[in-house]
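Here's the structure, in structure tokens; my notes come after.
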Amino acid sequence: MVLTLLKEENGLSPMLREFRSLVENNNIKSVAFVGSIGVCQPFAELFGYAVRNKECYFIPGGDLNNTKKLIIKDIGMQMEDFGDLRDIDAVVLFGGLAMPKYGTDICMIKELIQKLSPKKIVGICFMGIFKNAGWDKEIDFDYLIDGYIKLNVYCKEIKD
């Protein structure tokens, strides 16, 4: 499988915009975000908010028995318990899964994808984690959104 670079942009907003666009352009009605516990949850809420007109779910750590439904409440996107997830149009894998410190078994993720049988598989990561971990060769991504972060830290000059 070879992925072709479509465009380069800077910032988080283009990631959200591109994700929303690919969901719309592929007639996706339901999305299951899969990510590591804690770190990926806020990203599921953020990307879920970008496609809030769709059915969205979060599968923490790839544990289908712990699936949460993303819903809009008074303070924005939140999660609540959900029953059995069956039909899903897109599976979105977050890069936290491929980070060595979380130790997610790629075979378990492949089984999850097979069980859900989505129309599209999307990877969303930062700093090339899927490529660095070799997941881009193991998972048949239809799309891979890979962001790079540039950090500037400023401080008021401290005088003695």
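Before moving on, here are some points about what is shown:
- Any hit, segment 45-59, residues being among the hydrophobic types (A, V, I, L, M, F, W, C), surrounded by 15 or more Cβ atoms within 10 Å (Cβ to Cβ) and either over 23 Å from residue 143 (Cβ atoms) or in contact (Cβ under 8 Å) with a residue 60 or more places away in the chain (or both): yes
- Checked against the criterion of being modelled with pLDDT under 95 and of a type in the set (Val, Ile, Thr), the candidates 122, 39 yield just one match: 39.
- Restricting the first member to segment 125-149 and to residues that are within 17 Å of residue 114 (Cα to Cα), and the second to residues that are assigned to a loop (DSSP other than H, G, I, E, B), the beta-carbon pairs closer than 6 Å and six or more apart or on different chains are 140/1.
- Segment 129-160, residues that are surrounded by 14 or more Cβ atoms within 10 Å (Cβ to Cβ) and outside any strand (DSSP E or B): 129, 130, 131, 132, 133, 135, 136, 138, 139, 141, 142
- Screening 112, 97 for residues that are in a helix (DSSP H, G or I), under 14 Å from the mean Cα position of the chain (by Cα) and modelled with pLDDT of 95 or more leaves exactly one candidate, 97.
- Condition met for residue 22 (more than 18 Å from residue 116 (Cα to Cα) and either part of a loop (DSSP other than H, G, I, E, B) or touching a Pro at 6+ places or on another chain (Cβ under 8 Å) (or both)): no
- Residue in segment 97-111 that is more than 23 Å from residue 143 (Cα to Cα), surrounded by 12 or more Cβ atoms within 10 Å (Cβ to Cβ) and without any contact (Cβ under 8 Å) to a residue 60 or more places away in the chain present: no
The values are calculated or read from the model by the stated rules, or taken from the named source; none is laboratory data. What you are looking at is a predicted structure, and each value in this text was computed from that prediction instead of being measured. Virtual Cβ from ideal backbone geometry, glycine too; neighbours counted across all protein chains shown.
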